[in-house]
């Protein structure tokens, strides 16, 4: 499972860097980089070394901002907005679980 997460991180990081420097859509690049960040944080949670709760709050806020921007500002990427908000919800659940410890 961790190998799959590493593969997803590398893939989304690569797409994010590509769209940032060579593509014509910086919003897509930011989306890909934020998804890579989410999987990076989740990978460390699977390794039993979670980040502090503040990092999870930052990831949640960034994903929600990306989701709202993709849903209402950049109309071409509706699915990206839904995915960002879904990942923000999962990160919020992780934050709640870490808060109980």
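Key figures for this structure:
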item: Scan of the range 21-60 for residues that are without any contact (Cβ under 8 Å) to a residue 12 or more places away in the chain and more than 13 Å from residue 9 (Cβ to Cβ), ordered by number; result: 21, 22, 23, 24, 25, 26, 48, 49, 51, 52, 54, 58
item: Qualifying positions in the range 54-67 - surrounded by fewer than 19 Cβ atoms within 10 Å (Cβ to Cβ) and either at pLDDT 95 or above or touching a helix residue (DSSP H, G or I) at 6+ places or on another chain (Cβ under 7 Å) (or both); result: 55, 57, 58, 61, 62, 64, 65
item: Test: residue in the range 72-82 that is touching a residue at least 12 places away in the same chain (Cβ under 8 Å), closer than 21 Å to residue 6 by Cα and loosely packed, with under 12 Cβ neighbours inside 10 Å; result: no
item: The lone exception for residue 51 - which of (1) touching a helix residue (DSSP H, G or I) at 6+ places or on another chain (Cβ under 8 Å); (2) part of a helix (DSSP H, G or I) it fails; result: (2)
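The values are calculated or read from the model by the stated rules, or taken from the named source; none is laboratory data. All figures in this text were calculated on a predicted structure; none of them were measured in a lab. Neighbour counts run over all protein chains shown; Cβ positions are idealised from the backbone, glycine included.
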